Amino acid sequence: MLPPSEAIREELRRQAAQVQVPDGMWDQIRGRLEAERRRQRRRRQCVGRLRALTPVWGAALVTGAIGLVVLFGSDAEPQGAAIDAAWAYNRSFVYARPPQDYLRAGYFYPALEQGSVVGREQSPQSGRFLIAE
Amino acid sequence: MGVNAMAELEPVRSADAEYDLVMRCQAGDPHAFEMLFRLYHEDVFRFAYLVVRDAGLAQDVVQEAFLKVFRSIGRFQFRSSFKSWLYRVAVNEAISLLRRRKVREDLDASAEEVGMQVTPAASRDWQPEEAVLEDEERSLLRWAIGQLDPVHRTVVVLKYFHDFSDPEIAAIVGCPPGTVKSRLHRARELLRNAMAREMGRQDLVALSYARLSDHPV
């Protein structure tokens, strides 16, 4: 015969009555919730600050890009000493023109990048030389 | 906290009051969180205790369940009652805690087999021998309830302790009402079988003891 529902109910009530609901649970939950809220607030503040800085970053990136063009975008032909230096430092490329010229011309690294041929190749557009290693 | 504030925190059990409290929680009112906690924490604690059978673990279940509920209360859309939702979270917490604990105990058991020194897992099983002075059948029932697996124990506690209806239990445990009925029936069968087996074993022990007494060494 199955145990009667009433007996099960009574037994569960008896077991439940034997245990005391502990104090302080709310304090612990509140503490954890507050800690999480603080963390989230800090995270939001941090994200807000980063967003606020975005224009500064943008400006810095643009300035940096312009600086790179100014630094490496010289039209000057590489001189013998520069070529030697490039070899000495084992650099892959020394550009006779700014790299973007070669990109625009569709004349780009893969042909030059692989292999260990050392020589000169001429840009079809500018007629300048690209020294590749 | 003043008397009025304390009175405000007194739990009010009605669907409207519950709705208001949940809405206030969604608006970020910290007092509403506390009132919801006070409204349900004792029931949830007793439910968790009856399922996990350890007061410390039950406390963990309550904390994790309320934290989960409070964290995601903003997304609660009143498709079920708040109480059902809370119990559903508590059921999941209790069962996953018991599964984690079982894995750990299995690992401890295998470690013991290879001769490692391990700390015994904290457990409080009701052994039939514990309740010698209690009514035998009652203590057997208590022991048998403890032997039920968590899934069956959960539906038994929700049905017989909390008096939830079958559809409510179905919503809480996430299965069709028919499955609730079959789980309840199966649980009672398991209780009956466990009790019968244990009574048979006890009879056997008593018989052996009587025989030993008849023929002292």
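Data table
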{"item": "Some residue of the stretch B:44-51 being assigned to a helix (DSSP H, G or I), within 22 Å of B:V151 (Cβ to Cβ), touching a residue at least 60 places away in the same chain (Cβ under 8 Å) and among the β-branched types (V, I, T)", "result": "yes"}
{"item": "Flag for A:Q20 being modelled with pLDDT of 85 or more, part of a helix (DSSP H, G or I) and within 14 Å of another protein chain (Cβ to nearest Cβ)", "result": "no"}
{"item": "Among the candidates B:G178, B:G200, residue that is out of contact with any strand residue (DSSP E or B) (no Cβ under 8 Å at 6 or more places or on another chain) and modelled with pLDDT under 90", "result": "B:G200"}
{"item": "Qualifying residues in the stretch B:64-86 (those that are under 25 Å from A:I8 (Cβ atoms) and in contact with a helix residue (DSSP H, G or I) (Cβ under 6 Å, 6 or more places away or on another chain)) - the one nearest to the other protein chains (Cβ to nearest Cβ)", "result": "B:A65"}
{"item": "Of residues in the stretch A:18-30 being hydrophobic (A, V, I, L, M, F, W, C) and out of contact with any Lys or Arg (no Cβ under 9 Å at 6 or more places or on another chain), the one surrounded by the fewest Cβ atoms within 10 Å (Cβ to Cβ)", "result": "A:M25"}
{"item": "From the options A:L61, A:L50, A:L33, A:L68, residue that is more than 14 Å from chain B (Cβ to nearest Cβ), surrounded by 11 or more Cβ atoms within 10 Å (Cβ to Cβ) and part of a helix (DSSP H, G or I)", "result": "A:L68"}
{"item": "Scope the stretch B:161-174; condition surrounded by fewer than 23 Cβ atoms within 10 Å (Cβ to Cβ) and on the phi < 0 side of the Ramachandran plot; matching residues", "result": "B:F161, B:H162, B:F164, B:S165, B:D166, B:P167, B:E168, B:A170, B:A171, B:V173"}
{"item": "Scope the stretch B:22-58; condition closer than 22 Å to A:R37 by Cβ and within 9 Å of another protein chain (Cβ to nearest Cβ); matching residues", "result": "B:P30, B:F33, B:E34, B:F37, B:R38, B:H41"}
{"item": "Residue among B:V89, B:V61, B:V103 that alone is surrounded by 21 or more Cβ atoms within 10 Å (Cβ to Cβ) and either at pLDDT 90 or above or more than 10 Å from chain A (Cβ to nearest Cβ) (or both)", "result": "B:V61"}
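The values are calculated or read from the model by the stated rules, or taken from the named source; none is laboratory data. Everything numeric in this text was worked out from a predicted model, so none of it was measured. Glycine also receives a Cβ, built like all others from the backbone with ideal geometry; neighbour counts cover every protein chain displayed.
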